[in-house]
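Worksheet: the structure to be examined is printed underneath.
The values are calculated or read from the model by the stated rules, or taken from the named source; none is laboratory data. All values reported here derive from a predicted model rather than from experimental measurement. Heads up, the Cβs are rebuilt from the backbone with ideal geometry, glycines too, and the neighbour counts pull from every protein chain shown.
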Amino acid sequence: MFKRNWTKKFGKSEIFSKEDSYCQNVEIDMVKLADGQTKTYSESDKEYGLLILGGKCSVKGKDFNYENIGERETVFDGNATCVYIPRNMEFTITGVGEVSIAVSKCPSNKDHKPVLIKPEDVIAKELGKPGWQRHAMFVLDERVEADQIYIGECWIEGGQWSSYPPHKHDDDNMPCEAQTEEIYYYEFDKPQGFGIQRVYTMEGDIDETYTVKSGDFVEIPRGYHPFHSAPGYKNYMLWIMAGKNRGFFMTTDEEHAWLNK
């Protein structure tokens, strides 16, 4: 099953790990801390992207110390703050008040520098056409030197589609398409809000459709993956991509490619 849920309990919640996931290049934990609570990471040969969903925290390692970072209360309150941490650097997260953080992890075999990505560093773009418009925010992208990790967010108004027309990025056919895994995380502006996520392949070996609500995840190891936010409910989507060719290298489902014309 590709869909999972975060209960939003305090502490670290392991959502997707390599040992129990179809995705093998991206893992994700959700970390929720009260004021003064801490969580330390020291896993080897993994790079990290710490994206603050809401609240403030401090992130400290041997060669860096980012204090009182985070500028939004919820995922709908502006751009994210994010920290990139390269492989083999132990670090500790400390809550400054209550904070929620998506901790993404990817295998890494190169040394890079830690980077603090502030809200003003985020690049915003309006993507799509009427019916599939969204406000995309590129956070940990090509501007940060990393091995695989690539992170962004979207706001999708109710009644709109995203990842549409359906696209995929599971074949190594550069520069047209990269082999890239992806995980989606969803929030809605009202507790009863929901959306529809489909994941399918042209071969038909994957054809799944999920109803998603706040706190849900869907992993996309391969295949096309269009999403729809129900009318009346604004959606927030966190997307975490992992692959050696970092970026938007994808192909559209041929049956729907006419929509791009």
Give, as residue ranges, the strands (runs of 3 or more DSSP E) completely inside the range 101-190 that count at least 1 residues that are within 29 Å of SER58 (Cβ to Cβ) and over 17 Å from the mean Cα position of the chain (by Cα).
-> 115-117
Is it true that ARG246 is closer than 27 Å to GLU19 by Cβ and outside any strand (DSSP E or B)?
-> yes
Applying the selection to the range 147-202, what residues are surrounded by 21 or more Cβ atoms within 10 Å (Cβ to Cβ), hydroxyl-bearing (Ser, Thr, Tyr) and either modelled with pLDDT under 95 or more than 22 Å from ARG72 (Cα to Cα) (or both)?
-> SER162, SER163, TYR164, THR180
State all residues of the range 44-66 that are at pLDDT 95 or above and among the charged types (D, E, K, R); if no residue qualifies, say none.
-> ASP45, LYS46, GLU47, LYS56, LYS60
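I need a count of the residues in the range 223-243 that are outside any strand (DSSP E or B) and within 21 Å of ILE151 (Cα to Cα).
5
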Enumerated strands (runs of 3 or more DSSP E) restricted to the range 1-61, each holding at least 2 residues that are of a type in the set (Phe, Trp, Tyr) and in contact with a strand residue (DSSP E or B) (Cβ under 9 Å, 6 or more places away or on another chain) = none
Just a yes or no: is a residue in the range 149-156 among the β-branched types (Val, Ile, Thr), more than 18 Å from MET241 (Cβ to Cβ) and in contact with a strand residue (DSSP E or B) (Cβ under 7 Å, 6 or more places away or on another chain)?
-> no
Hey, does the range 73-89 have a residue that's of a type in the set (Lys, Arg), closer than 23 Å to LYS56 by Cβ, modelled with pLDDT of 95 or more and not in a strand (DSSP E or B)?
-> no
